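S.K.: Here it is: the structure, laid out below.
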Amino acid sequence: MTQVYDVTLVLDTNAYADGDVLAVPQEIDGVFANGPRKLISVTVLDEDDVGQAFDLVFMDADGTVGTINAAVTISDADARKILGIVAVAAADFKDMINNKVATKTGIELAMAPASGQYSLWVAAVARGAGTWTAAGIRVKLGFI
């Protein structure tokens, strides 16, 4: 069964630098309610029309990748929680005039929860400079 989960990244409104934590881990409740899943697609809506590259970092439990809008500082213990990273390149974005949209398909990233967990956590790391509004990036995650 295919399911799509919507996530609005919580962002800082000051300018980001390459390598800054774009969004700290956010919980998506119930993704693993029926066991392991496979991420097959990611669609990003950049409502601020920035279109800058970033990485989505998927984790099997809550952890930290660092402080929002500061350089990534993930510990080894929290890095062990990473299930995978999906890069969204600037070239992936299509200009829709008032916003930009990027779609990544064929991802095929197998994911399983940590013991006793049903949630997935997603964080983001800027891979270029940009400035967004507090809720300017919305993500749709497609799973089978």
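S.K.: Check the stretch 91-103 and report whether any residue there is more than 20 Å from P25 (Cβ to Cβ), surrounded by 15 or more Cβ atoms within 10 Å (Cβ to Cβ), touching a helix residue (DSSP H, G or I) at 6+ places or on another chain (Cβ under 8 Å) and not hydroxyl-bearing (S, T, Y).
M.R.: yes
S.K.: Name the residue, out of V122, V65, that is buried (at least 17 other Cβ atoms within 10 Å of the Cβ), in contact with a helix residue (DSSP H, G or I) (Cβ under 9 Å, 6 or more places away or on another chain), modelled with pLDDT of 95 or more and not basic (K, R).
M.R.: Working: V122 fails: in contact with a helix residue (DSSP H, G or I) (Cβ under 9 Å, 6 or more places away or on another chain).
The unique qualifying residue is V65.
S.K.: Considering only the stretch 1-21, state which residues are over 16 Å from the mean Cα position of the chain (by Cα), farther than 16 Å from A126 by Cα and aliphatic (A, V, I, L, M).
M.R.: M1
S.K.: How many residues, within the stretch 1-26, are surrounded by fewer than 15 Cβ atoms within 10 Å (Cβ to Cβ) and not in a loop (DSSP other than H, G, I, E, B)?
M.R.: The qualifying residues number 3.
S.K.: Just checking, which of F54, F32 is touching a Pro at 6+ places or on another chain (Cβ under 6 Å) and either charged (D, E, K, R) or touching a residue at least 24 places away in the same chain (Cβ under 8 Å) (or both)?
M.R.: Working: F54 fails: touching a Pro at 6+ places or on another chain (Cβ under 6 Å).
Step by step, each of F54, F32 is checked, and only F32 is touching a Pro at 6+ places or on another chain (Cβ under 6 Å) and either charged (D, E, K, R) or touching a residue at least 24 places away in the same chain (Cβ under 8 Å) (or both).
S.K.: I'd like the full set of residues that are farther than 11 Å from V57 by Cα and either not aromatic (F, W, Y) or not in a loop (DSSP other than H, G, I, E, B) (or both), limited to the stretch 113-125.
M.R.: In the first step, residues of the stretch 113-125 are kept if they are farther than 11 Å from V57 by Cα; the result is 113-119.
Passing the criteria: P113, A114, S115, G116, Q117, S119.
S.K.: With of a type in the set (A, V, I, L, M), in contact with a Gly (Cβ under 9 Å, 6 or more places away or on another chain), on the phi < 0 side of the Ramachandran plot and modelled with pLDDT of 95 or more as the only criterion, which of L141, L109 stands out? Talk me through it step by step, then tell me what you get.
M.R.: Values: L141 fails: in contact with a Gly (Cβ under 9 Å, 6 or more places away or on another chain).
Of the residues listed, the single one that is of a type in the set (A, V, I, L, M), in contact with a Gly (Cβ under 9 Å, 6 or more places away or on another chain), on the phi < 0 side of the Ramachandran plot and modelled with pLDDT of 95 or more is L109.
The values are calculated or read from the model by the stated rules, or taken from the named source; none is laboratory data. Quick caveat, the model's predicted, so the values are computed rather than measured. As a convention, Cβ positions derive from the backbone with ideal geometry for all residues, glycine included, and neighbour counts pool all protein chains shown.
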